[in-house]
Structure formats: structure tokens, C-alpha cells
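Report on the following structure.
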Amino acid sequence: MSIAKKQMNAAPYAEAAAADMVTSRSFWADARGRFLKNRMAVVSVLMLVLLVLFAIFGHTIARWSYEEIDWTILGKVKTEGGPTLANGHFFGVDELGRDLYARVVQGSRTSLLVGFVAGTASVLLGSVIGASAGYFGGRFDQLVMGAYTIWISIPYIIFFVVWKAFFGRSLTQMILVIVLVNWTAGLLIVRGQVMMLKNREFVDAARMLGMSDFTIIFKHLMPNILWVIVIYTSIVIPEIIMMESLVSFLGVGIQEPNTSWGALISEGARTMTFGTLWQLAFPAAFFVVAQVSLYYIGDGLRDALDPKDR
């Protein structure tokens, strides 16, 4: 018994016990454990990783570029343009004789890049504006909420049409216009969280120490609502991919020779009555897998990070 007491009173044992207690109380460590218990969310992460790897490295095994035309098949796409390993067209060719595999790789790269970059930037912009409105209140809050109400009442497709007419349809322009259209992403939920936290004791203590308002917002309030921002970002990214695919499907998105899932689905839908179903099936399959994976990841993050479910 005395030996056991000596071991328990020893400094290494105490330090190990303290470290274990801190780890067990960590919000993010607990959230990670809860997320890993969600099998569908973990499988979805693996599927999304595979999609990202396909978008980044898929071109290394492609025998054709995404804009190169196979003149030997052009005019015979219906009979000889299907998926085959013999001529290197793993997913077949499109109506213009271009390799569909290479175009799906390019489309995956475009859609995922737009979704993650524009989605994250939109939520960060909306969160900063929402946090500022919730913290300062008054006329600034009324101005922000008035702008929010007006903005969400305008169909976003109008902005894409006008932007295309004046600035073109490059990838950079697409990301920029999507961020501008979705500047309200996360605004309301972050504003509400900040309004609940801004009168708490730790905020009053920061004011008494002479910290500026923006220091309090970014150093004390934003870290406390980071879990909300993470959850909302996981929800917005698939919505952004859906938006980009929709505008590309309607012809006001990514411009040729570049492509995206939406543009490929649009091309496949136009030719499906001719019997070339592979032109629609492959890009649609990648789009569906990405959307389902992202939604399950978002659902897993919500279950893992929401304090109400702990």
C-alpha cells in the first residue's frame, strides 16, 4: 500500500494525471472523438479526400488533355466514343471528341476549388460583418440588417449575368462574384452569438483592461464562436458548389475551354437523347458523391461541435 501511495504522490504520476485531465476536458479533443464515432462522417471524409486527390493528381494518368480533340472519333462519338482503355478515353469522349476523363478531372478541380475557396471566404466575410453588427449594435446593426434583407431578396443569377457581361467568366472572376453574392453567409448566426456573449464577464474584464473593440471581437469573441463558424462553413461549401454548378449549367458560369461539374452535366444532358449517356453519368456521379460527402461531414461536425448535443 505504501508503495502505491508513493507512486501516486510522485511528480511524474501527478503530471501524467493532470495532462490526462486537461486532455479529457478539451472541447476540441472531445469533438474529435465524437466525430470519429460517426461512421458516415468518417467515410465521407475519406471519399472527399479521394475526390481531392483525383482533382489534383488525376491528370497524371490521363493520355489526353482536357481540350485536345481526338479527330479519329469525331463524327463517330455515338458508336466509338464510349469508355474504353484501348484508346485512353477512360470515361469516353464528349460531343466534340474531347477526352471526358481529363475534362472530369479539370471540372473536379474547378468545382472543388470554387467551393472551398469561395465558401470559406464568404463565411469569414459574413462572420466578421455579423460579429461587428452584433457587438456595436445601434445604427450600424440596423444598416447591416437592412442591407442583408435587401440583398437576399435579389435573385443571385442576375449578378452572374451582369458580371459575365462586364468582366468575363474566368475562374478568379467566378470566385469573386460568388463571394460577393454570398457575403451574408454566417452573418445572422454569428451576430446572434456575439449579442449573447458581448455582455459576459470576460468581455467586461477585457474592456476594463483597456482593450479596443476590435481586439475584443477578434481575440475574445470570435474564438468562442469558432465552432459555429466551422459548422456553418461545412454547410456553405456544398451550397457554393451547387450554385457554381447551377450557373455553369445555365451557361453563365465557367467559360470554355475550362469546365466544371455543372458545365459537364449541362453538356451531357443535351446529348443524352443521342444515346451517349456516359457524357452525363460520369460528371453527375462525381457531383453527387461530393455533395453527399460534404453534407454528411457537415452533419458530423454539427453533432460533434454543438454544445447542446454534448
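Coordinate-derived values only; no laboratory data. None of these values were measured; they are calculated from a predicted model. Here the Cβ is made from the backbone with ideal geometry for all residues, glycine too, and neighbour counts use every protein chain on show.
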Pairwise label distance in nanometres, L53 with D306, each label 7 Å out on the Cα-Cβ vector:
3.2
Residues of the range 278-294 with amide N under 18 Å of the 7 Å Cα→Cβ point at L46:
289-294
Please list, in order along the range 214-222, the HN-Hα scalar couplings obtained from phi with the Karplus expression 6.51 cos²θ - 1.76 cosθ + 1.60 (θ = phi - 60°), rounded to whole Hz, x for Gly and Pro.
5, 5, 5, 5, 7, 9, 10, 7, 4
For the residues F202, F287, F160, F90, what sequence is obtained by ranking on other C-beta atoms within 10 Å, fewest first?
F202, F90, F287, F160
Total charge of the residues flanking V194 in space, meaning their Cβ is under 15 Å from its Cβ, with Lys and Arg +1 and Asp and Glu -1, is +2
Taking R0 as 41 Å, what's the FRET efficiency between F140 and M272 from their Cβ-Cβ distance, rounded to 0.05?
0.20
Roughly what angle does helix 138-152 make with the longest principal axis of the chain, taking Cα atoms, 0 to 90 degrees, to the nearest 10?
20
The chain, helix-only ellipticity at 222 nm - DSSP H runs n ≥ 4, -39,500 (n - 2.57), divided by all residues, nearest 500
-22500 deg cm²/dmol
Hey, if you drop one equal point scatterer on each alpha-carbon of the chain and run the Debye formula without solvent, what base-10 log of I(q)/I(0) do you get at q = 0.09 Å⁻¹?
-0.61
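State the extension gain, in nm to one decimal, for the chain segment bounded by T72 and A86, taking 0.36 nm per residue of separation less the distance between their alpha-carbons. Don't skip to the answer; put the middle values down first.
Values: separation 14, 0.36 × 14 = 5.04 nm, distance 1.34 nm.
Taking 0.36 nm per residue and subtracting the Cα distance, the gain is 3.7 nm.
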Dipole-positive endmost among A147, M208, F160 within the range 121-228 (Cβ charges, Cα centre)
F160
Relative packing of 294-302, 29-37, 62-70, which averages over residues the other C-beta atoms within 10 Å, highest first
294-302, 62-70, 29-37
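Considering Cα pairs under 8 angstrom that are at least six residues apart, work out the relative contact order of the chain and quote it in whole percent.
Working: 393 pairs, mean separation 78.1, N = 310.
Once normalised by length, the contact order is 25 percent.
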